[in-house]
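Participant: Before I ask anything, here is the structure I am working with.
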Amino acid sequence: MTQTSHDLFKAAQLCIPGGVNSPVRAFRGVGGDPIFMDHSEGAYFWDVEGKRYVDYVGSWGPMILGHNHPEVRAAVHAQVDKGLGFGAPTAIEVDMAEMVCRLVPGIESVRMTSSGTEAVMSAIRLARGYTGRDKIIKFEGNYHGHSDSLLVKAGSGALTLGQPSSAGIPREVSQDTLVLPYNDLSAVEQMMQQYGFDVATIIVEPVAGNMGCVPPEPGFLEGLRALCDQYETILIFDEVMTGFRVALGGAQSLYGVRPDLTTFGKIIGGGLPVGALGGPREIMEYLAPNGPVYQAGTLSGNPVAMAAGLKTLQLLSEPGFHDKLAVQTRKLCDGLAERAKAAAIPLQINQVPAMFGWFFSDEPVRGFDAVMRADSRRYARFFHGLLAQGVYLAPSAYEAGFVSAAHGDAEIKATLDAAELVLAQLKE
Ligand code: PLP
């Protein structure tokens, strides 16, 4: 007998906290029960009851080639045949590191981790170890994973659940985390005037993707770079989401601003659990075993994960890949804007190549406060309307959406037809 999502969720809640292994999956931001998925291919996945969805979550970012890409699958199978992992160095780790250094100018050395959280946590420790300073600056609504010092006024699931700062974090840990409004350079200037030489790092999502999608204002990233130069502070771009997505060389190449350290996740693992941090050799040499900053991982650089990630990076390096992705995303966003206008529903659309943020609001969304003023209840109705029509958006108003190389014109048209119906219902 077919299991239903409803029955699975009931069973899951008895043995998994909240029935899910990561909070946003629980649909708390939009209401209702989560849908349990069974299999996927290209732009689609199918739930356990056999219903098909056009997917704009893409496993929260990694699936830039589309789901279950045959060449990625083949690379994984080939590695599985050789062994699942050795806890000793492998050739494919060197291939991966060389690939990242080639794709992202300014990166000379890379350390792999098993998640974005670990990559960022390690980058913060490295910045502190390198500078000998404790304070860090982060931005409201930016999410950098769930390590203690970064889970302060965070975005993503923390925001969806209305708990941007978590219980269980000692005051001493969070007191060194200074939080400022995103896209507000003068606030950073003032803070740096006061604390600049105590600040180890400014960490930023170069395109905020964990409060919907909010691009940097012109001059914001450049201004952070200049302040970090002035105060000898490490600038970290958290490119866990934007890396290899908004451009081959990430947001840093799109905006032409070079950070000191970069963190990766999502796409770099091709759908398997991977993260990475990289930067100039001079800073990276502070990591163990060469330097005093300890960092490690039983499964770091796991060859099966490397195989998925490396094949993904190879395929997205093909000339024109990101341009095509941007064109498809533009068709989707423009088509939606037209339909919202025709339906007289105020909708703001932010698009940075293949990332998008849709906000039910009549003011431009350039920062955290505007995100919070957008109508998240209307988003929830929109989400459920589209879900019923077989279109799967992020189950939260505070997440970016992603288009993959498998989203062709047919999928975009089906999405826009569904959106037209749902927007008409939203007026009621
Ligand atoms: N940094 C950013 C910008 C992210 O978007 C995320 C996850 O969404 C993370 C860090 C944490 O990565 P992970 O969930 O792999 O630990």
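The values are calculated or read from the model by the stated rules, or taken from the named source; none is laboratory data. This structure is a prediction, so every number in the text was calculated from the model and none was measured. Methodologically, a virtual Cβ is constructed for each residue, glycine included, from the backbone with ideal geometry; neighbour enumeration extends over all protein chains shown.
Participant: Working carefully through the options Ile267, Ile169, find the one that is within 16 Å of the chain's Cα centre (by Cα) and within 18 Å of Glu118 (Cα to Cα). Break it down into steps so the answer makes sense when it comes.
Facilitator: Working: Ile169 fails: within 16 Å of the chain's Cα centre (by Cα).
Among Ile267, Ile169, only Ile267 is within 16 Å of the chain's Cα centre (by Cα) and within 18 Å of Glu118 (Cα to Cα).
Participant: Hey, another quick one. For the structure I just gave you, tell me whether Asp238 is in the same structural domain as Ile412 (by TED's automatic domain parsing), of a type in the set (Asp, Glu) and either free of Cβ contacts under 8 Å to residues at least 12 places away in the same chain or within 14 Å of the ligand (Cβ to nearest atom) (or both).
Facilitator: Details: in the same structural domain as Ile412 (by TED's automatic domain parsing): no; of a type in the set (Asp, Glu): yes; either free of Cβ contacts under 8 Å to residues at least 12 places away in the same chain or within 14 Å of the ligand (Cβ to nearest atom) (or both): yes.
It is false that Asp238 is in the same structural domain as Ile412 (by TED's automatic domain parsing), of a type in the set (Asp, Glu) and either free of Cβ contacts under 8 Å to residues at least 12 places away in the same chain or within 14 Å of the ligand (Cβ to nearest atom) (or both).
Participant: Across segment 181-237, what is the total count of residues that are of a type in the set (A, V, I, L, M, F, W, C), within 24 Å of Gly250 (Cα to Cα) and surrounded by fewer than 22 Cβ atoms within 10 Å (Cβ to Cβ)? Give the derivation first.
Facilitator: Within segment 181-237, the subset of a type in the set (A, V, I, L, M, F, W, C) is 185, 187-188, 191-192, 197, 199-200, 202-204, 207-208, 211, 213-214, 220-221, 224, 226-228, 234-237.
With the extra rule that they be within 24 Å of Gly250 (Cα to Cα), the set shrinks to 185, 188, 200, 202-204, 207-208, 211, 213-214, 220-221, 224, 226-228, 234-237.
Those left that are additionally surrounded by fewer than 22 Cβ atoms within 10 Å (Cβ to Cβ): 185, 220, 226-227.
Residues in segment 181-237 being of a type in the set (A, V, I, L, M, F, W, C), within 24 Å of Gly250 (Cα to Cα) and surrounded by fewer than 22 Cβ atoms within 10 Å (Cβ to Cβ): 4 in total.
Participant: Here is a follow-up. List the helices (runs of 4 or more DSSP H) that sit entirely inside segment 210-309 and contain at least 2 residues that are within 23 Å of Arg102 (Cβ to Cβ) and among the aliphatic types (A, V, I, L, M).
Facilitator: Numbers: elements: 220-231, 250-255, 281-284.
Of the helices (runs of 4 or more DSSP H) lying wholly inside segment 210-309, those with at least 2 residues that are within 23 Å of Arg102 (Cβ to Cβ) and among the aliphatic types (A, V, I, L, M) span 250-255, 281-284.
Participant: On to the next question. Could you figure out which of (1) at pLDDT 90 or above; (2) surrounded by fewer than 22 Cβ atoms within 10 Å (Cβ to Cβ) isn't true of Ile124?
Facilitator: (2)
Participant: Is it fair to say Val76 is over 19 Å from Thr201 (Cα atoms) and β-branched (Val, Ile, Thr)? Walk me through it before giving the result.
Facilitator: Working: over 19 Å from Thr201 (Cα atoms): yes; β-branched (Val, Ile, Thr): yes.
Taking the combined requirement at face value, the residue satisfies it.
Participant: Give me the pairs: first residue in segment 197-212 and in contact (Cβ under 8 Å) with a residue 40 or more places away in the chain, second residue basic (Lys, Arg) and assigned to a strand (DSSP E or B), beta-carbon distance under 7 Å, and six or more apart or on different chains, which are they?
Facilitator: So the pair list comes out as Asp198/Lys135; Val199/Lys135; Ala200/Lys135; Ile203/Lys138.
Participant: Looking at (1) modelled with pLDDT of 95 or more; (2) within 25 Å of Gly243 (Cα to Cα); (3) not β-branched (Val, Ile, Thr), can you tell me which one Met192 breaks?
Facilitator: Going through (1) modelled with pLDDT of 95 or more; (2) within 25 Å of Gly243 (Cα to Cα); (3) not β-branched (Val, Ile, Thr) one by one, Met192 breaks only (2).
Participant: Let me ask another. If you take the residues of segment 127-172 that are modelled with pLDDT of 85 or more and of a type in the set (A, V, I, L, M), which of them is farthest from the ligand (Cβ to nearest atom)?
Facilitator: Looking at residues that are modelled with pLDDT of 85 or more and of a type in the set (A, V, I, L, M), I get Ala167.
Participant: Being assigned to a helix (DSSP H, G or I) and β-branched (Val, Ile, Thr) is the filter here; which residues of segment 113-129 pass it?
Facilitator: Kept after step one, since they are assigned to a helix (DSSP H, G or I), are these residues of segment 113-129: 116-129.
Thr117, Val120, Ile124, listed by residue number.
Participant: Continuing with this model, one more query. Among the residues of segment 7-42, how many are of a type in the set (Phe, Trp, Tyr) and under 17 Å from Ala388 (Cα atoms)?
Facilitator: Our first condition is that a residue be of a type in the set (Phe, Trp, Tyr); within segment 7-42, this holds for 9, 27, 36.
Cutting the leftovers down to under 17 Å from Ala388 (Cα atoms) gives us 27, 36.
So the count comes out to 2.
Participant: Follow-up. Could you give me the residue pairs with C-beta distances under 8 Å whose first residue belongs to segment 256-271 and is more than 9 Å from the ligand (Cβ to nearest atom) and at pLDDT 95 or above, whose second residue is assigned to a helix (DSSP H, G or I) and acidic (Asp, Glu) wherever it lies, and which are 6+ apart or on separate chains?
Facilitator: Within 8 Å, the pairs are Val257/Glu222.
Participant: Restricting to segment 191-235, name every residue that is within 15 Å of the ligand (Cβ to nearest atom), touching a Leu at 6+ places or on another chain (Cβ under 8 Å) and either not assigned by TED's automatic domain parsing to the domain that holds Ser156 or not hydrophobic (A, V, I, L, M, F, W, C) (or both).
Facilitator: The answer is Thr201, Pro206, Asn210.
Participant: Give the number of residues within segment 246-255 that are closer than 17 Å to Val120 by Cβ and either of a type in the set (Phe, Trp, Tyr) or within 13 Å of the ligand (Cβ to nearest atom) (or both).
Facilitator: Restricting attention to segment 246-255, the residues satisfying the condition of being closer than 17 Å to Val120 by Cβ are 250-252.
Imposing the further condition that a residue be either of a type in the set (Phe, Trp, Tyr) or within 13 Å of the ligand (Cβ to nearest atom) (or both) reduces the set to 250-251.
Qualifying residue count, segment 246-255: 2.
Participant: Continuing with the same structure: Just for segment 369-395: of the residues that are in a loop (DSSP other than H, G, I, E, B) and farther than 16 Å from Ala414 by Cβ, which one is farthest from the chain's Cα centre (by Cα)? Working first, answer last.
Facilitator: The first filter runs over segment 369-395 and keeps only residues in a loop (DSSP other than H, G, I, E, B), leaving 374-375, 389-390, 393-395.
After this cut, where a residue has to be farther than 16 Å from Ala414 by Cβ as well, the list is 374-375, 394-395.
Working: Ala374: 21, Asp375: 22, Ala394: 12, Pro395: 15 Å.
The extreme case among them is Asp375.
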